[in-house]
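I have placed the structure first, in the form of structure tokens, so that the comments after it can refer back to it.
The values are calculated or read from the model by the stated rules, or taken from the named source; none is laboratory data. In this text, all values refer to a predicted model and were calculated from it rather than measured experimentally. Cβ atoms come from the backbone with ideal geometry, glycine included; neighbour counts cover every protein chain shown. Heavy atoms of the whole protein, side chains included, go into the accessibility calculation; ligands, DNA and RNA do not. Shrake-Rupley method; radii C 1.70, N 1.55, O 1.52, S 1.80 Å.
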Amino acid sequence: MGLDFSVIPKYLDIVLIGALWTIAITLGAAVVSFFGGIFLAIVALYAPAFVRWPFRVFSFLFLGTPLLLQLFLIYFGLVQIGIDVPAFVAGVVGLGLHFAVYNSELFQTSILAVDKGQTEAARTLGLSRMQALRTVVIPQAVRDVIPPIGNNMIALLKDSALVSVIGVSELTLSAQRAIGSTYRPFEFYVLVAAIYYIINLGMEAVLRRVERRIQASR
Amino acid sequence: MSDQKPFIDIRHAQKSFGTLEVLKDISLQVDRGQIVAIIGPSGSGKSTLLRAINDLDPLTGGEVWLEDKQINKTLPHRQYEKHINEVRQEIGMVFQHFNLFPHLKVRENVTLAPKMLKGLSDDDANALAEEQLTKVGMIERIDYYPSQLSGGQKQRVAIARALAMKPKVMLFDEATSALDPELVEEVNLVMKKLAEEHMTMIIVTHEMSFAESVCDRVLFMDQGVVVEEGPPEVIFRNPKSERTQHFLRNHLAAAG
Ligand SMILES: Nc1ncnc2c1ncn2[C@@H]1O[C@H](COP(=O)(O)OP(=O)(O)O)[C@@H](O)[C@H]1O
Ligand SMILES: [Mg+2]
């Protein structure tokens, strides 16, 4: 039995719907990982110790255990203690928090790298520490860290396939379903690989635009 | 000398960084509308003294007063923060390296603090920015980013940013030291304009001729003490202290 790509059109809608779910999960988790990362960075740098420590333990757990396990824990574990989260939400939160921990490390470094003169100028005008952080330091720190954060976002896209294990019909799982009916793994996996690649290209294009936009503000 | 209470009153300022004593019992009174220059060799404590005025480098001893308010008073943390943020709104500061906010356009650099702290509307804040930028001759660059400006232009924007808070006092810490020589004059002109408007100013500078032309009084500092102070014509033309003479001679030779 040779290759036969003619089976694809019949299942294309399933696969494309899967692709939309993948995009939705990636965008949702990207937003969680971005703002979660900033939040965790601020906590790590400025919160009092009794706040900092629980978050440090949390970060350590997220960094030190497999993402797969974290997704199982959020989806299946939380139900057991009475918190019933839809699979999609569990996926977005799990993936988002996992990458928030990675992003937090990047944000911490870039926050500390913002010139101290910036905070001084803001404080001299009468801004409080938090106001200076929010309007002067964080925007610059975020700006400076866009390229590596972007790389994390692309890694996040690829890891979104793991969300299939808790039953979200994203791209990879849709392909598996199509394969289940057609016994044509090669054709569908190639198709799916191509779709991931296209989404990837789209993300890189957006990233480059953002980087160009912020060029003047250095 | 006037008989009224000084506008700014620094009493027995003392500052140590660890074991290094940087300010040794310095007192300085400045009247409203007065312009005081601080000169002295690098490392003599000029910046530290200036930064003590708005408590950026808090003193380890002594008091700083602005009118009838003590700036560096001891308060519980929260109350102190509220107090110092209010005080700082009344004290404009200009840095050697401008410290403009690079992620914001010139306009937002000027409007940020007034909007945030005084609750100005967008329209009022824009009008204020236009007024202040016109004053420093930077209105045509209102929609530029700082990175698109020369050093002299950046410093003029930094002055406009400080003025937008309508401060009672302006502090300048070597405002022209980082500039290419041909850009110094445009910043000096802005400072002269402020002088004509009777802004109270304390100016740390290495520009002796500028200090002589705009200042009412000159302080010569060395190793954390005020060695000599007086009217510019005395300090520059006829200094009494050996150390002042030595410093000015070296300075002239270096500027040479
Ligand atoms: N944050 C600091 N920590 C330790 N030493 C400092 C600090 N700031 C200034 N100094 C020291 O205090 C002295 C006076 O510095 P400064 O006020 O900047 O002098 P000037 O402005 O006259 O050049 C210098 O010896 C400097 O090294
Ligand atoms: Mg200095």
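For the reader, a short list of remarks on this structure follows.
- Filtered residues of the stretch A:131-152 (kept if touching a Ser or Thr at 6+ places or on another chain (Cβ under 8 Å) and open to solvent by 30 Å² or more (accessible area, probe 1.4 Å)): A:ASP144, A:ASN152
- Considering the stretch B:40-90, the residues that are within 14 Å of chain A (Cβ to nearest Cβ) and among the aliphatic types (A, V, I, L, M) include one that is nearest to the chain's Cα centre (by Cα), namely B:LEU50.
- Positions within the stretch A:4-19 being over 26 Å from the mean Cα position of the chain (by Cα) and of a type outside the set (Phe, Trp, Tyr), in sequence order: A:ASP4, A:SER6, A:VAL7, A:ILE8, A:PRO9, A:LYS10, A:LEU12
- Residue within the stretch A:169-184 that is closer than 22 Å to B:VAL110 by Cβ, open to solvent by 20 Å² or more (accessible area, probe 1.4 Å) and charged (D, E, K, R) present: no
- Residues (among the small types (Gly, Ala, Ser) and closer than 28 Å to A:LEU73 by Cα) located in the stretch A:84-125: A:ALA87, A:ALA90, A:GLY91, A:GLY94, A:GLY96, A:ALA100, A:SER104
- Restricting attention to the stretch B:123-147, the residues that are assigned to a helix (DSSP H, G or I) and away from chain A (no Cβ under 14 Å) total 11.
- Output for the stretch B:38-69, where each listed residue is within 12 Å of ligand 1 (Cβ to nearest atom) and hydrophobic (A, V, I, L, M, F, W, C): B:ILE38, B:ILE39, B:LEU49, B:LEU50, B:ALA52, B:LEU56
- Residue check for B:LEU49: open to solvent by less than 30 Å² (accessible area, probe 1.4 Å) and within 16 Å of ligand 2 (Cβ to nearest atom): yes
- Count of the stretch B:91-109 residues which are more than 8 Å from chain A (Cβ to nearest Cβ), more than 12 Å from A:ALA122 (Cα to Cα) and away from ligand 2 (no atom under 15 Å from the Cβ): 4
- Count of the stretch B:16-54 residues which are of a type outside the set (A, V, I, L, M) and touching a Pro at 6+ places or on another chain (Cβ under 8 Å): 2
- Pick from the stretch B:189-241, criterion closer than 30 Å to B:VAL157 by Cβ and of a type in the set (S, T, N, Q), ranking: farthest from ligand 1 (Cβ to nearest atom): B:SER213
- Residue match in the stretch A:30-49 (condition: out of contact with any helix residue (DSSP H, G or I) (no Cβ under 8 Å at 6 or more places or on another chain), over 25 Å from A:ILE154 (Cβ atoms) and open to solvent by 80 Å² or more (accessible area, probe 1.4 Å)): no
- Some residue of the stretch B:61-77 being surrounded by 17 or more Cβ atoms within 10 Å (Cβ to Cβ), over 22 Å from B:MET208 (Cα atoms) and within 15 Å of ligand 2 (Cβ to nearest atom): no
- Annotation note: Cβ proximity below 9 Å between a residue of the stretch A:201-218 that is facing chain B (nearest Cβ under 9 Å) and a residue that is open to solvent by 90 Å² or more (accessible area, probe 1.4 Å) (sequence gap 6+ or interchain) occurs for A:ALA216/B:GLN148.
- Put simply, of A:PRO66, A:PRO86, A:PRO54 the only residue that is more than 14 Å from chain B (Cβ to nearest Cβ) and over 19 Å from A:ILE166 (Cβ atoms) is A:PRO54.
- Single condition B:LEU183 does not satisfy, out of (1) more than 14 Å from chain A (Cβ to nearest Cβ); (2) within 16 Å of ligand 1 (Cβ to nearest atom): (2)
- Hey, A:SER181 more than 14 Å from every other protein chain (Cβ to nearest Cβ) and among the hydroxyl-bearing types (Ser, Thr, Tyr) or not: yes
- Answer residue from the stretch B:1-46, given it is of a type in the set (Val, Ile, Thr) and free of Cβ contacts under 8 Å to residues at least 60 places away in the same chain and is nearest to ligand 2 (Cβ to nearest atom) among those: B:ILE10
Residue-wise test of (1) at pLDDT 95 or above; (2) closer than 30 Å to B:ASP25 by Cα; (3) in contact with a Phe, Trp or Tyr (Cβ under 8 Å, 6 or more places away or on another chain).
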residue: B:ASP173; (1), (2), (3): yes, yes, yes
residue: B:LYS192; (1), (2), (3): yes, no, no
residue: B:VAL218; (1), (2), (3): yes, yes, yes
residue: B:LEU248; (1), (2), (3): no, yes, yes
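- Residues considered: B:GLU182, B:GLU197, B:GLU207. Of these, the only one that is under 17 Å from the mean Cα position of the chain (by Cα) and over 21 Å from B:SER47 (Cβ atoms) is B:GLU197.
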